[in-house]
Amino acid sequence: MAGEVDEAQSAFERAATAMNDVGLMAEEVDPATGELLGNFPQAFSHIGLINAAWSISQAKQHQWDPARIVEGSAFYRQTCLPTPTQS
């Protein structure tokens, strides 16, 4: 949904309703019944929702720049930057 902030916000709001009474999410949701299916609780579902919330907030502030995020990451520094040579 790159560049489609309103659609992303709408999808996020629908996903956020797929929780039980204490805020836990399952791996899947039956679209017809709303029944929580699969592994429960599912950490990846929670992480995805958190990442979506962050991405939407950054897009709304016009600060989201994937290149800046990737280049500033520890992974980028460890794998893409030359290492100093030892004497």
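The values are calculated or read from the model by the stated rules, or taken from the named source; none is laboratory data. All values reported here derive from a predicted model rather than from experimental measurement. For accessibility, only protein heavy atoms count, side chains too; no ligands or nucleic acids. Shrake-Rupley method; radii C 1.70, N 1.55, O 1.52, S 1.80 Å.
Run the numbers for Ala43 and Phe12: contour at 0.36 nm per residue of separation, minus the present Cα-Cα distance, in nm. Spell out each step's value before the answer.
On the way: separation 31, 0.36 × 31 = 11.16 nm, distance 1.64 nm.
Taking 0.36 nm per residue and subtracting the Cα distance, the gain is 9.5 nm.
Accessible area per residue for the range 1-58 in Å², computed with a 1.4 Å probe and the full protein assembly in place, what is it? Before the final figure, lay out each step's value.
Working: 3970 Å² over 58 residues.
For the range 1-58, the per-residue accessible area is 68 Å².
Fully extended, how many nm does the chain gain between Lys60 and Glu4 (0.36 nm per residue separation, minus their Cα-Cα distance)? Can you show the working numbers first?
Numbers: separation 56, 0.36 × 56 = 20.16 nm, distance 1.05 nm.
The span from Lys60 to Glu4 would gain 19.1 nm if fully extended.
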